[in-house]
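What follows is calculated from the coordinates using simple rules that are stated; it is not laboratory data. Given the structure is predicted, the values throughout are model-derived calculations rather than measurements. Glycine gets a Cβ as well: all are built from the backbone with ideal geometry, and neighbour counts include every protein chain shown.
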Amino acid sequence: MRRFLVTGGAGFIGSNFVRYMLEKYPDYFIVVYDKLTYAGRLENLQDVAARFGDRYAFVKGDICDAETVESTLRNYQVDTIVNFAAETHVDRSLLTPGAFIQTDVYGTFVLLEAAKKLSLERYHQISTDEVYGQVLEDRSRETDHLKPRSPYSASKASGDLMVLAYYESWGLPVTITRGSNNVGPYQYPEKVVPLFATNAMDDQPLPVYGDGQQMRDYQYVLDHCEGIDVVLHKGKPGEVYNVGSGSEMTNLEMTKIVLATVGKPESLIKHVDDRPGHDRRYALDVSKLRSLGWEPRHTCAQAIAKTVRWYMENEWWWRPIKNGELYQAYYAEQYSQRLK
Ligand code: NAD
Ligand code: DAU
């Protein structure tokens with residue numbers, strides 16, 4: 001594996017992964033293939049383009065567009081696809097589920113077809129702990145049944161099943177990682193940690209859904225990237241690997257860490273109407289990936305505090321997003337009733 005197509009590489013995790021891989025492997029070439037939806041931004045990669053211009057290329061394209069996918073793979077002689085491209089926000093999946101089926105299911109199929117046709121060395125799918133559904137006790141293992149409960153997680157689970165079908169039916173060398181909640185630089189500020197950090201900086205309320213007792217494993221994005229790297233190099237085709245910090249906390253605990261890091265009072269916390277179908281808890285058993293020699297480097301608390309500090313130091317990145325019309329319209333639709 002030397003020449004990668006990283007789909008969705010202009011998004012949050014994808015852009016961190018591209019930077020991590022180009023820094024670590026001086027002989028790797030990466031083509032980022034991204035539709036640049038509201039969540040995909042070239043600013044996320046501007047330093048990458050400047051530092052690694054001879055080993056990096058960008059193609060604007062949709063993973064649902066089979067012709068452009070195939071011509072890009074041929075033009076750049078790609079041997080490995082890593083698919084981050086997806087619609088990713090659970091709240092948006094409750095507003096526009098069709099977009100999730102299109103990209104997360106049909107788009108995955110288009111990439112698999114291209115990988116099969118060109119006999120690529122590896123197809124790697126970035127998936128999520130949400131495909132297991134909520135787990136009130138114990139931890140999800142890779143062999144557990146999938147019980148997704150939102151349009152987002154149902155689309156991601158469908159994508160996973162299609163990936164495994166290409167392994168079983170045609171022997172396509174696939175791997176899948178299922179990650180827990182990521183936090184870190186360049187996460188679009190509709191996701192809870194950057195939303196709360198930036199609201200706190202502006203003395204705006206932090207809208208906690210329901211009682212705030214939902215449990216999440218907030219992992220640092222570069223720990224996730226290292227896990228994907230390990231699976232790409234040591235993982236077995238046809239296998240699934242969970243990636244998470246192995247620790248967890250309630251949303252209310254997360255919110256208090258955000259406020260303490262920004263230095264703002266807990267009176268900014270506002271409990272609002274819950275997300276419909278809100279999964280109460282996710283928790284991953286990550287022993288399979290650990291057995292390949294991987295270890296997370298951050299606890300949830302460290303990951304959240306480090307992330308909040310990045311947002312405090314990088315207003316240039318998030319302020320134009322939050323001031324934009326698209327964001328304001330989304331915020332009004334999602335929160336104006338709730339915050340009344
Ligand atoms: P993101 O929303 O920040 O980025 C998604 C990227 O995909 C954007 O750059 C967007 O432009 C691109 N994209 C969307 N539709 C596309 C299409 N049809 N064709 C080409 N590009 C398209 O997402 P993220 O948080 O970085 O998540 C990346 C992947 O990781 C997703 O597959 C997601 O399901 C998975 N994941 C995310 C988390 C998390 O906590 N953020 C956790 C586990 C798994
Ligand atoms: O678990 C992995 C998943 O994590 C990824 O697959 C998704 O792509 C990613 O978006 C994330 O999904 P969540 O729904 O867990 O993330 P979100 O940041 O939207 O919400 C985290 C928790 O915070 C969740 O319990 C809902 C709650 N929340 C969220 C928002 C946006 C609030 O209480 N208030 C909010 O305003």
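Remarks
- Given (1) more than 12 Å from ligand 2 (Cβ to nearest atom); (2) on the phi < 0 side of the Ramachandran plot; (3) touching a Pro at 6+ places or on another chain (Cβ under 8 Å), number of the condition V221 does not satisfy: (1)
- Annotation: A154 fulfils all but one of (1) more than 10 Å from ligand 1 (Cβ to nearest atom); (2) touching a Gly at 6+ places or on another chain (Cβ under 7 Å); the unmet one is (2).
- First in segment 72-101 and farther than 19 Å from S158 by Cβ, second anywhere and of a type in the set (S, T, Y), Cβ under 7 Å, 6 or more apart: T72/Y33
- Residues satisfying the stated conditions in segment 186-234, i.e. surrounded by 19 or more Cβ atoms within 10 Å (Cβ to Cβ) and among the aromatic types (F, W, Y): Y186, Y188, F196, Y218, Y220
- Residues (part of a helix (DSSP H, G or I), in contact (Cβ under 8 Å) with a residue 40 or more places away in the chain and within 13 Å of ligand 2 (Cβ to nearest atom)) located in segment 176-208: V192, V193, P194, F196, A197, T198, N199, A200
- Residues of segment 137-170 that are within 12 Å of ligand 2 (Cβ to nearest atom) and not in a helix (DSSP H, G or I): S140, P148, R149, S150.
- Among the candidates G61, G53, G14, residue that is under 20 Å from G184 (Cβ atoms) and either more than 16 Å from ligand 2 (Cβ to nearest atom) or under 16 Å from the mean Cα position of the chain (by Cα) (or both): G14
- Test for P173: is it without any contact (Cβ under 8 Å) to a residue 40 or more places away in the chain, buried (at least 16 other Cβ atoms within 10 Å of the Cβ) and either more than 19 Å from the chain's Cα centre (by Cα) or farther than 20 Å from G227 by Cβ (or both): no
- All conditions but one from (1) within 16 Å of ligand 1 (Cβ to nearest atom); (2) closer than 28 Å to L22 by Cβ apply to E295; the one that does not is (1).
- Restricting segment 95-124 to residues that are of a type in the set (S, T, Y) and out of contact with any Phe, Trp or Tyr (no Cβ under 9 Å at 6 or more places or on another chain), the residue that is surrounded by the most Cβ atoms within 10 Å (Cβ to Cβ): T108
- Residue in segment 118-151 that is nearest to F4 (Cα to Cα), counting only those that are within 14 Å of ligand 1 (Cβ to nearest atom) and among the polar types (S, T, N, Q): Q125
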